[in-house]
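Trainee: Got a structure for you, written out below as structure tokens; questions coming shortly.
The values are calculated or read from the model by the stated rules, or taken from the named source; none is laboratory data. What you see is a predicted model; the values in this text were computed from it and never measured. Here the Cβ is made from the backbone with ideal geometry for all residues, glycine too, and neighbour counts use every protein chain on show. Only protein heavy atoms, including side chains, enter the accessible area calculation; ligands, DNA and RNA are left aside. Shrake-Rupley method; radii C 1.70, N 1.55, O 1.52, S 1.80 Å.
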Amino acid sequence: MVNPYSAEHPVPPEKFAGRVSQIEEFDRFLADTVEGNSKNLAILGGWGIGKTSLLRTFKHRAEQQNCAATIIELGESTDSFITLFETITRSLARDATPVMGAAAKIREFLEGLSLSVNYGPVGISYADKRKGTPDVFRFKEDLISVSGTLDVPFLIMLDNAEQLLAIKGAIFELRNIFQTIQSADGVRCMLILSGKETLFADMRSASEPAVRFFWGIDLGPFSREETFEAITKPLAGTGIVFDDASMDRIYELTQGHPYFVQVFAYNLFSARTGDRITLSDLERNHVRILSYLGRRLFESIYSRTSANERKILRAFVRSDKDLLSNTEIAELSGVKSTNIYLKNLSGFPTPLLIRPERGKYSLFHPLFMEYLKHTPG
Ligand SMILES: Nc1ncnc2c1ncn2[C@@H]1O[C@H](COP(=O)(O)OP(=O)(O)O)[C@@H](O)[C@H]1O
Ligand SMILES: [Mg+2]
């Protein structure tokens, strides 16, 4: 039987658990947009917390309402205005095609658009796009004509939006463009960004008005109920169950972090001996799951840390406390000027430390503490 869990991929809408309040908010904003009062959102949350999965669910819901929606994974190759704008138009044209199923004329228009998109000087090389000035007017015109041709609202979702900060002025410019087409040109559309918690703070230093342009939706760990749902939903039709005690223990160990919930469910499913997965199955597999996590995740991040950074991480193991102040960290680790290391350890892409309050740090997850305890050096 195929294992219905995966920690490596965002969940498809039919396995999507919880997030009821975020979805309600989204539905309201979508309804506003459909009625002509366009709204823009920013989903904020840490690594593995479920941003991409939520975007997929938003896309699915929008399409059920007969809106067009596209999700764009921003990456290092999206490093210029010209590339960004071209990617947006191309993805929108591609993803809008199946939604409108019907009219051949519309399909032709979208295909033509997707092929002809070019917002830089003609014949410009990939490298030169970084220096070139984009044709903002044409980008806007294209969005307006997509909107007019489709005659339904469209949603543009930019995943990993911190990448926008690498293009100087991009967030400010996007806000200007969407504000204009939404108000002056009456285009019904939503711009949705998703990124780590600090995205707003980073955006604020780049552009204050841009921050106010987006409604923030915060994404944290699952509640107990959401954890149970995330485990139970994918089991539909398999005849296999997790008992409550095992799910409670998964919740306790993972603290509802969606990525870790998937890892536990995946491993317990594949190691099952009967139709019922119990607490004792979990206890029996606990160490194996920790080493799975080590191989899949912790090792590769840990191996990138320097000697001093490791001393700092070890300070948490030595003290066995969740929360340590700057001074305690310096004392326990023996590292003199800790600031630069603390900053690195809290930085992108997978922070090993978090700062729950000013001047205090903790390891990003108790499972990482477990891993460190079981790993020498
Ligand atoms: N609502 C959800 N229901 C079930 N599983 C989820 C949910 N959200 C996230 N997950 C799981 O958590 C992991 C990380 O999710 P993902 O959407 O990729 O997070 P992010 O984009 O924030 O890094 C994936 O394995 C996914 O299956
Ligand atoms: Mg993601």
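Trainee: Quick one: in segment 41-54, which of the residues that are crowded, with 22+ Cβ neighbours inside 10 Å and more than 6 Å from ligand 1 (Cβ to nearest atom) is farthest from the chain's Cα centre (by Cα)?
Mentor: Among those residues, the one meeting the criterion is Leu41.
Trainee: Here's something else I'd like to know. Taking Arg314 as the residue in question, decide whether it is open to solvent by less than 70 Å² (accessible area, probe 1.4 Å) and of a type in the set (Lys, Arg).
Mentor: It is true that Arg314 is open to solvent by less than 70 Å² (accessible area, probe 1.4 Å) and of a type in the set (Lys, Arg).
Trainee: In this structure, does Arg272 turn out to be more than 16 Å from ligand 2 (Cβ to nearest atom), open to solvent by 30 Å² or more (accessible area, probe 1.4 Å), out of contact with any Phe, Trp or Tyr (no Cβ under 8 Å at 6 or more places or on another chain) and closer than 30 Å to Phe154 by Cα?
Mentor: When the stated conditions are applied, Arg272 does not pass them.
Trainee: Assess whether Pro13 counts as being out of contact with any Cys (no Cβ under 7 Å at 6 or more places or on another chain) and free of Cβ contacts under 8 Å to residues at least 60 places away in the same chain.
Mentor: When the stated conditions are applied, Pro13 passes them.
Trainee: Give the residues of segment 156-198 that are open to solvent by less than 40 Å² (accessible area, probe 1.4 Å), in contact with a strand residue (DSSP E or B) (Cβ under 6 Å, 6 or more places away or on another chain) and over 18 Å from Glu35 (Cβ atoms), sorted by residue number.
Mentor: Ile156, Met157, Leu158, Asp159, Ala161, Glu162, Leu193, Ser194 - these are the residues of segment 156-198 that are open to solvent by less than 40 Å² (accessible area, probe 1.4 Å), in contact with a strand residue (DSSP E or B) (Cβ under 6 Å, 6 or more places away or on another chain) and over 18 Å from Glu35 (Cβ atoms).
Trainee: Which residue out of Arg224, Arg249 is in contact with a Leu (Cβ under 7 Å, 6 or more places away or on another chain) and modelled with pLDDT of 95 or more?
Mentor: It is Arg249.
Trainee: Among the residues of segment 59-70, are any open to solvent by less than 60 Å² (accessible area, probe 1.4 Å) and either among the aromatic types (Phe, Trp, Tyr) or more than 29 Å from Thr180 (Cβ to Cβ) (or both)?
Mentor: No, there is no match, as no residue in segment 59-70 is open to solvent by less than 60 Å² (accessible area, probe 1.4 Å) and either among the aromatic types (Phe, Trp, Tyr) or more than 29 Å from Thr180 (Cβ to Cβ) (or both).
Trainee: Find the helices (runs of 4 or more DSSP H) located wholly in segment 43-141 whose residues include 2 or more that are touching a helix residue (DSSP H, G or I) at 6+ places or on another chain (Cβ under 9 Å) and of a type in the set (Asp, Glu), and list them.
Mentor: Helices (runs of 4 or more DSSP H) meeting the threshold: 81-99.
Trainee: Given the conditions (1) β-branched (Val, Ile, Thr); (2) more than 30 Å from Leu268 (Cα to Cα); (3) more than 16 Å from ligand 1 (Cβ to nearest atom), report the number of the one that Val241 does not fulfil.
Mentor: Of the numbered conditions (1) β-branched (Val, Ile, Thr); (2) more than 30 Å from Leu268 (Cα to Cα); (3) more than 16 Å from ligand 1 (Cβ to nearest atom), the odd one out for Val241 is (2).
Trainee: What residue, among those in segment 114-143 that are in contact with a Ser or Thr (Cβ under 6 Å, 6 or more places away or on another chain) and basic (Lys, Arg), is most open to solvent (accessible area, probe 1.4 Å)?
Mentor: Among those that are in contact with a Ser or Thr (Cβ under 6 Å, 6 or more places away or on another chain) and basic (Lys, Arg), it is Arg130.
Trainee: For Val99, only one of the following conditions fails: (1) farther than 14 Å from Leu155 by Cα; (2) at pLDDT below 90. What is its number?
Mentor: For Val99, the exception is condition (1).
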